[in-house]
Structures are given as C-alpha cells and as structure tokens.
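The values are calculated or read from the model by the stated rules, or taken from the named source; none is laboratory data. Please read all numbers here as calculations on a predicted model, not as lab measurements. All Cβ positions, glycine included, derive from the backbone under ideal geometry; neighbour counts span all protein chains shown.
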Amino acid sequence: MPANPFDVGETYDRVEDIHQQFGGNRYSGIAPCADYPYVFIFFGESGEWHGYDDELLDDGRFFYTGEGRDGDMTMDGGNAAIRDHAANGDELHVFESREGAWEVSYVGQYEYKDHKHPRLPDRNGNMRDAIRFELVPAGGQDIDVGARSLDNLSTEELYERAEQSVSGERRPAEGSSSRTVYQRSEVVKEYALDAADGVCQGCGDDAPFHDENGEPFLEVHHLRRRSDGGADHPDNVIALCPNCHRRVHHGEDGDEFNQDLIEKVESRT
C-alpha cells in the first residue's frame, strides 16, 4: 500500500487535490478510484437534504448512509466498494465538506465493521430501505491488557495503554498468557471516566444519576474532532454530564465552552 497522502485535520480542494490526483467521481458521496487502492467517502450537511443520516461519534465510530437517492438502496456500486474494501485491498478515506466550494477536511482512514438496513426517507420524502454503514478508525485499535479487565486498571495504566496504541506500539501486557483485547476507543473512554471520578469536568457537579450498573453517568467528549485533527487519545477526551455535553455541541457559546475545557485539560498535563 502507498503511504497515506492525507493528513488528518487538513483542508483539501476536492477537485484539485483529490480527484485530479487520484481519480474517482467528483460528484459522488462514495468515489472508488480505478488506478489507486482508495475509496473516498464524503459527508456533510447537504446530505440531509437527500435523506442521508450520517453521524461521526465522539468514540471515533462513523455511521454513513450509502448511495442511492431514490427508492431502496442496493448493495452494489459504491456501497459494495465500502463493504468489500478489505477483500479488494482498498482503503477507505473519509472527508467532511466545509463551507467553501469543493473544500473538504480529512477525517481519517476507516474500516468497514457492519451495516444495517434502516427505513429512511429518500430525497422525495418517500420511505425506503436504506443502507447505513458502521465504520471504525483503521489501524492501531486493539489494546492488549492481559488477563485483567478495564475495571482493574488504574487511571495511569489506562492512559499508558491508550497512548501506546496511538503511538503505534503493540506492547503485550505482562504476567499472563491469557489475553484480553479492547478497542482503543473503549480504553480511552474508560480513562476519561476514571479520571473524572464521577464529577463532570465541565460544571464540576456530581454525575446527575447512576446507570444500570450503579456507576455515575457521564458522557465522554472529544475536545477536538477528528476532522479538525483531533485524535482518539487520552489527552483529547474529557467526561461531561449530559447537560454540559449538549452545551458544547448545541449551545450558543459551545465553541467558547469547548476552548475552556481544552485549557482545563492542558493545565493538568
């Protein structure tokens, strides 16, 4: 495989920097390349106008609606290119549309995990069987913690394991031939919750309630989105109560509040 030609968080001209260089249909949301082992995926607010339901979650997972504007979606063309990318030796590269014409930012390289067939409206508002893919960040996702569970790791050990995965280290856990492997996003999430110790890192109040397992309920927030260069790294996460989490994403002062959170985390490191 050639080296990844894109940098996470960088902005590109879709026509000049992507399609003229590597090929693929400049007007499609899913653009396989004939001469390169790439499948480009594009998403943005305009997709909602055509009945697409795309969602980039804080834990790194990406839910993407397949192609097909009218009637039921079928597993062919670009949809099959996503599902079969690993078997075909292709990489999935995800971009988010920006405000400028043909301006996109690079979110990262992803891998197909699963797909479902929800009922969603097409561009005419008619309900149809859609295809919604679940994609996960590619590479460096598995973290070996030996025979222990995440609950038995200290905050410092959780941080260390997650950081090793981000830096590309694959150091096995010591002391046991039995292995327990977690996704990096699980370890990063557990680190943020463990470090918060039941207290919202935004408002400083205790978690508003306990979940079904008796644990304080907080939500993990990525301070910098992947499309803005943010990594699935313990230094990029913080645990918030649902109210503060909604304030970051939907509040009038959301950007300012998020910057305050970034400064709060940086002051601890």
*Sole residue being over 30 Å from Ala192 (Cα atoms) and in contact (Cβ under 8 Å) with a residue 24 or more places away in the chain, chosen from Gly60, Gly71, Gly108*: Gly71
_Only one of Ala86, Ala101 is in contact with a Phe, Trp or Tyr (Cβ under 8 Å, 6 or more places away or on another chain) and of a type in the set (Gly, Ala, Ser). Can you tell me which?_
Ala86
*asked:* If the requirement is being at pLDDT below 90 and within 13 Å of Tyr106 (Cβ to Cβ), which of these qualifies: Glu55, Glu10?
replied: Glu10
*Residue, modelled with the highest pLDDT, within the stretch 27-52, restricted to residues that are of a type in the set (A, V, I, L, M, F, W, C) and assigned to a loop (DSSP other than H, G, I, E, B)*: Cys33
*From the options Ala231, Ala173, Ala239, residue that is in contact with a strand residue (DSSP E or B) (Cβ under 7 Å, 6 or more places away or on another chain) and at pLDDT below 85*: Ala173
